[in-house]
Structures are given as C-alpha cells and as structure tokens.
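Please read the structure below before turning to the comments.
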Amino acid sequence: MSSVFDSVIFTMASMDCEESRHIDRIRAITFREARDAGGKFISRSWVANILKRSEKWVQKNWNKNPYDCKKDTETVGRPAVLSQESKNVIEESVGKQRKSVRKLSRELELVRGKKRHFTTIYRELKSSGKIFFHVIKRPNITRQQEDDRLWFCDEFLKEWDTNDFLHLACSDEFFIYTVRKPNTKNDVIWATNKEDIDEDERFREMVKFPECIGVFLCFTAKRCMWVVKDKGQSWDGEYFRENVLKGAVIPFLQDPENVISVEDVTFLHDKAPCFKALKTQDLLRKSKVDFFSSNEYPGGSPDLNACEHLGSILKDRVEERLHPVAGIPSFDVLEREVISVLTALEEETSLFVRLLESYPRRVKAVVAANGGHTKY
C-alpha cells in the first residue's frame, strides 16, 4: 500500500497546493497504517517533520480513511510557501514594535486577502535569520493610584523647593541579570541583529532562566551606598531589616559625611512588601529616621523615586561590560562586573545632585498628567 501511495506522490509532486495538501493527508494516513503494522519509529512528530506540517495538522488527519479524505481549503499546517508580496509585508514589519507573528497573520489576511497560519510566518522570519527582542512596556496604573499620586504631590511635595529635595535619600532594590528579562510574550521586535532596530525602540533579548544578582541602592546628594543580596536569599522583611537597614542604611544616614544634614534627611522607599512591614517602619521610627510611610507614598510611582533612574544606569553599565563577553556570562562574571560598577558609582556626586534636582519637574509632570504616567 505504501509503494502505491509513494508513486502517486511522485507523479503529482508538481501539482498545485490544493492537490499537494490532499496528498499530504493521504501520506499521513499511510504512515499511521504503517505504524500500526509495526513501524515503531513512526510517530506524529516524525510525520509532522517529514511532511513539514504542524503536529496539530497531523493529529487532525491522523485517523482519516485515505479513500474518504476530502479536499478542503483549511490553512492549519499549510506548507511554508509565501508569495513575494506576502514576504514584503512581513519584511516591512522587521524592527517595529507590536508585530508578533499572530498580528502579522491578521495583517496578511487584510492586505493580501489570503490567510496564512502564524507558524508559516514564524518559519519565514526564522529562515531569513530574524530573531525576536522583547519590548519594555510601561507599567499599568489604576485610577486609585493616580489619585494617590496627586494627593502625595499636593500634600507632601507641593511646598518643597530644590533645596528640600537635596535632603532626600532615595532607595530601591534591583535584580541585575546576565541578560535582561522580557516583559510579555507577544510584544516583540523581529530583527536580524540589534543594529537593525531603531534607536528609539527599547527591547530585551529573550533568555530562559538567566543568572541574576539582587542589589539594594540608596543615594543622597553626597554619596551612594549599596548592598549585594546573598545568593539564594529573598528580600523578606527580616533580611531587609537586619542586613540592609541595621547593617547599612541607618549607619549610612546617621553619618554626616554621607548626608547634607543628619537631622533633615528623609528616607524614601517604594511600597515593596519588605518595606511596608510594620516591624520595618517601627525600626525606622525607633532609629529616629524620617521617612515616607507606606500609607503616604503612592503605589505605581517609579517616576517619584529617582533611585529607579539610578538603577537603570546601573543595569545599562553592567550590560555594556557584559556585551563583549562571548555567550551568556557566568554568575561569577556577573557578580564581578556588578560590584565593579557599584564601586565606581559610589561618589558620582554630580549625578546624584542632578537626579534630586529633577524632583520639582517630576512633581509638576505628575500634576500635569492628572496623576498618570510621566516621561520620568
């Protein structure tokens, strides 16, 4: 039976796609019958590879009878054959955001009037040497958070001038990866390499389970201090209080060498669980450290914490150092480069002053945006 179908296949190999799809269905069924007759190496994945189809397509046609196999115009599992016009539409999407393969599948149907399965487009992009980079999206913000942001700016920061903001000690935690983690699955940019992507497009390469190091940063107008989290440790409340606050932050803020005025410094942190804990805030009060409590500082406000900007600078500098390293850097290489960058960052006073002096503009931007996102 197999030889009969093979001869039919070879004699009809030059026919159009409709007949080719019909032949492929017969071949899938024939392979299944051969498997049932003792062909142990034959499986659905093996058939899918032989026919250049998806396993979903093989599963759909696997149990049909060859004599009852009907011709239809389904597109699932269609061979990776695209017209030049369709290839041009795909090529125009290269280097642009929000052009996932599923999005391109819908665009081709609108532009060309012919539907192509997203796996066909994926194969076309991969075969032409394209890889995908993940876009960095802005965080979502709720209406309640917008109201909280406006209240915070009016209640606490409205009367502050530039000199007041120079007494802030901004802080936050960051994870530095060998390769930055992606945000979402479908917000991608397809390109042959990074150089083909416009400079105003922000992206991240996709790497599964990259090595990372946790870093706590705190800076004032005079100096920056940092703590590298122990490997395997989490930022829980107890670790944060003992190793970060007691071991580093409180002594740092109480040293006149590090702040403009010990009496006037205000510690700023976001609403991370380790900071929101009542024990954490009680510790700061007992240590006579002025700070914005979790009831005061609004959620969803990275633009009101200048340490986020410093964290981005840290990540960029580490990424630049890791770029020349062939392949994915090891944890030891990552740790060495992170500590090297942090050490060099400690006394960049002019940078710290510029970040703190940007606060009046940040507050005005939040108010102008009615509590919404700002460019910061």
note = Among (1) under 32 Å from the mean Cα position of the chain (by Cα); (2) loosely packed, with under 15 Cβ neighbours inside 10 Å, G247 falls short only on (1)
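Across segment 222-239, which residue is nearest to I260 (Cα to Cα) among those that are surrounded by 14 or more Cβ atoms within 10 Å (Cβ to Cβ) and touching a strand residue (DSSP E or B) at 6+ places or on another chain (Cβ under 8 Å)? So that I can check it myself, show each step before the final result.
The first filter runs over segment 222-239 and keeps only residues surrounded by 14 or more Cβ atoms within 10 Å (Cβ to Cβ), leaving 222-229, 235, 237, 239.
Applying the additional criterion that residues be touching a strand residue (DSSP E or B) at 6+ places or on another chain (Cβ under 8 Å) yields 224-229, 235.
Numbers: C224: 13, M225: 15, W226: 19, V227: 22, V228: 25, K229: 28, W235: 29 Å.
Within segment 222-239, the match that is nearest to I260 (Cα to Cα) is C224.
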request  = Using the structure shown, decide if N295 is of a type outside the set (D, E), over 20 Å from the mean Cα position of the chain (by Cα) and surrounded by fewer than 13 Cβ atoms within 10 Å (Cβ to Cβ).
outcome  = yes
inquiry  = Looking only at residues that are modelled with pLDDT of 70 or more and of a type in the set (G, A, S) in segment 17-38, which one is nearest to W62 (Cα to Cα)?
reply    = A28
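Looking only at segment 340-376, how many residues end up being assigned to a helix (DSSP H, G or I) and without any contact (Cβ under 8 Å) to a residue 60 or more places away in the chain? Give the steps one after another, and end with the answer.
Filtering segment 340-376 for residues assigned to a helix (DSSP H, G or I) gives 340-345, 349-357, 359-368.
Checking which are without any contact (Cβ under 8 Å) to a residue 60 or more places away in the chain leaves us with 340-341, 343-344, 350-351, 354, 361-362, 364, 368.
Selection size over segment 340-376: 11.
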Test: S43 is within 30 Å of N193 (Cβ to Cβ) and either among the small types (G, A, S) or modelled with pLDDT under 70 (or both) = no
query = So which residues in segment 69-108 are under 28 Å from R25 (Cα atoms), in a loop (DSSP other than H, G, I, E, B) and at pLDDT 75 or above?
reply = L82, S83
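The values are calculated or read from the model by the stated rules, or taken from the named source; none is laboratory data. Since this is a predicted model, take the numbers as computed values, not measurements. FYI the Cβ positions are ideal-geometry reconstructions off the backbone, even for glycines, and counts take in every protein chain you see.
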